[in-house]
Amino acid sequence: MGNSKEDKKRNFNDYYQDELFFLREMGKEFAESHPALAHYILEAGSDPDVERLLEGFAFLTGRIRQKLDDELPELTHTVMSMLCPHYLRPIPAMSIIEFEPQRTLRGKYPVPKIKTEVESSPVSNTKCRFRTCYDFDLLPLSVEDVILEGQQLRILFKVLNGVQLPALGLDKIRLNLHGEPVIQYELYNMLCRYVQRLSVRVTGQSDQEVVLDRKNIRPVGFDESEAVLPYPSNSFVGYRVLQEYFTFPDKFMFIDITGMENANKLAIQDAFEIVFQFSKRPLDSLRVSKDSIHINCTPVINLFSRSSEPIRVDKERTEYRIRPEGPNSNHYEVYSVDRVFGLVPGTAQQYEYNPFYSFGHRLSERGNIYYQTFLRDSVISENTTETYISFIDADQSTVSPTTEIISAELTCINRQLTEQLRLGDIRIPTSNSPEVARFRNITNVTPTIHTQLGGSLHWKLISHLTLNRLSIATKSALQGVLSLYNFQSLSNRGSAMENEKRINSIVNVNSIQTDRLYKGAPIRGTQIQVEIQENQFVGDGDMYLFCSVLNEFLSLYSMINSFTQLVVKGAGSGEVLTWPMRIGKQAIL
């Protein structure tokens with residue numbers, strides 16, 4: 001839930017205006033009361049030089065007041081950058097794009113994540129750049145129709161460009177569930193929980209059919225290889241699952257149908273269908289159409305590599321602002337500093353600097369000089385940040401590198417430009433885009449979200465430090481950590497309230513220590529029982545996805561050589577959902 005103090009956080013312009021008002025109004029009153037001490041202030045309105053001085057003083061004192069109100073930001077930022085660096089980073093804009101195969105596509109075309117980049121239509125003369133987040137194969141297929149009849153769902157596919165299905169080497173098809181949330185969640189619920197029989201057949205010919213195992217249905221988005229947000233190595237990846245769920249749940253609206261190589265046994269020419277037979281009838285509200293399921297889709301995120309403007313070292317300065325290079329530099333914001341190196345003027349010699357909070361101490365080529373970065377609220381763009389860099393020695397004393405030029409390799413975002421993008425605006429290819437397909441975004445672009453850098457950050461740091469494997473299995477602790485990652489409270493109050501309802505649906509949490517056999521050996525683990533109020537969700541699918549995210553988070557929180565098992569009970573219906581036992585991934589320190 002949003003903090004009221006944080007929600008009303010003041011930007012630098014507020015401090016500047018306050019100080020300027022105080023100097024002009026209260027300064028005038030002070031001068032009238034004490035003319036012998038400050039009679040020149042009375043002349044401020046008629047003397048432009050005095051006005052200029054007042055504005056300069058207002059700028060400096062405003063900055064001091066802002067820093068005081070931030071309550072020792074350097075200390076908090078330093079500890080956060082060591083323990084939870086992901087929490088200081090902005091959450092970039094995200095969307096789902098769909099590729100439309102062209103006639104030149106006559107086979108599977110690998111689309112690697114991160115390396116594949118696309119751009120938007122220009123916003124203020126700048127194209128916003130995105131990169132893909134999932135590895136997938138672009139297929140010469142199209143969805144011709146989606147038909148729901150009773151307890152049977154049929155997805156009709158067409159093979160394009162005269163390609164023969166056996167020659168395609170098809171092993172899986174990735175489905176993207178599209179449309180209103182109530183449709184998405186119900187489809188997700190039915191496909192993940194209630195498929196009784198799964199088959200592939202020649203369109204319209206039930207006797208030409210291959211039956212697949214229900215295990216060939218795989219929800220996408222939980223594996224570490226399917227991360228959308230890049231996480232630093234010293235961040236706990238379980239938090240990433242929560243962060244992505246609360247800010248971009250569309251990333252989970254993908255289902256893989258594997259085992260498609262078995263369809264090669266069929267005499268498929270140019271059309272086939274996948275048939276799902278459900279064990280129960282879907283809700284009457286589930287109205288599907290051709291637009292309900294898409295293929296050749298992937299999440300994209302507004303992240304891209306960029307170099308910084310060269311920084312000339314000045315021994316009189318202790319910190320430097322890092323500016324991304326190029327025109328319209330204010331359209332770019334630093335997401336992360338990936339590498340810092342120095343160049344001696346007149347030579348080609350390059351020196352690498354290690355971050356102070358790393359394991360590279362005393363390995364730097366520049367002796368014992370390290371760099372550290374910190375954030376400040378931007379004074380030129382509201383709700384954004386600027387990144388600064390300083391250089392220190394092993395004792396954390398500020399030092400100045402030898403006379404040289406400093407450069408940095410950055411990962412950047414397009415500040416708030418992405419908020420002006422609409423459906424279909426992400427459609428401009430780059431040199432790293434597939435040449436065999438057109439593309440466009442089929443979902444709205446999410447807003448960029450910045451962590452508030454004020455005093456409430458201290459309490460969030462303390463909350464992170466108090467979490468541990470035992471305390472997380474209580475209602476208050478579980479709701480507390482979930483609320484920490486409800487970042488929508490900083491940008492979208494409607495979405496934040498929906499997330500709050502989901503978090504507050506947790507009625508009770510109980511943990512039971514138990515022993516199980518794993519590969520012939522006994523291991524100790526925890527069964528976590530969660531009672532949930534179902535009416536706080538859009539539907540059963542919404543609740544099922546929420547619980548699946550909880551299951552992933554709790555399993556990642558579990559220690560190596562231990563396990564967790566999530567059991568969820570509906571407070572209203574009494575229905576019990578049990579997830580398989582999960583072996584922990586965290587090392588025991």
Counting other beta carbons within 10 Å of each residue's own, what order do 415, 103, 323 fall into, fewest first? 103, 323, 415
Roughly how tilted is helix 456-466, in degrees to the nearest 10 and between 0 and 90, from the longest Cα axis of the chain? 50
Just to confirm the number: angle between the C-alpha axis of helix 48-69 and the first principal axis of the chain, 0 to 90 degrees, nearest 10? 50
What net charge do the residues around residue 110 carry, taking every other residue with its C-beta under 12 Å from that of residue 110, with Lys and Arg at +1 and Asp and Glu at -1? +1
Phi-based couplings in Hz for the range 145-156 (Karplus 6.51, -1.76, 1.60; Gly and Pro marked x): 6, 10, 10, 10, 10, x, 9, 10, 10, 10, 10, 9
So who's got an amide H within less than 5 Å of the one on residue 385, skipping anything under 5 residues away but keeping other chains? H placed 1.01 Å off N, in plane. 378
Quick one: Debye curve from the alpha-carbon atoms of the chain only, equal weights, vacuum; give me log10 I(q)/I(0) at q = 0.08 Å⁻¹ to two decimals. -0.68
Once you've got the Cα coordinates, tell me which of 265/290; 215/251; 215/519 are over 24 Å apart. 265/290
The range 149-215 and the range 273-300: distance between their alpha carbon centers, rounded to Å: 8
Relative contact order of the range 69-154: what whole-number percent is it, with Cα pairs under 8 angstrom and at least 6 residues apart? 23
Expressed as an acute angle from 0 to 90° and rounded to the nearest 10, what is the orientation of the C-alpha long axis of helix 475-484 relative to the principal long axis of the chain? 70
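What does the extension gain come out to for residue 330 and residue 309, with contour length at 0.36 nm per residue minus their alpha carbon separation?
Difference between extended and current length: 6.3 nm.
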For residue 449, what residues show an amide H to amide H distance below 5 Å, using hydrogens built from the backbone and excluding near sequence neighbours? 91
How high is the relative contact order of the chain, in percent, counting Cα pairs under 8 Å that sit 6 or more residues apart? 17
Given a Förster distance of 30 Å, report the FRET efficiency between residue 476 and residue 516 from their Cβ-Cβ distance, rounded to the nearest 0.05. 0.60
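We did not get these values from a lab; they are worked out from the coordinates using the rules stated. Note that the structure is a prediction, hence the values are computed from the model and not measured. Here the Cβ is made from the backbone with ideal geometry for all residues, glycine too, and neighbour counts use every protein chain on show.
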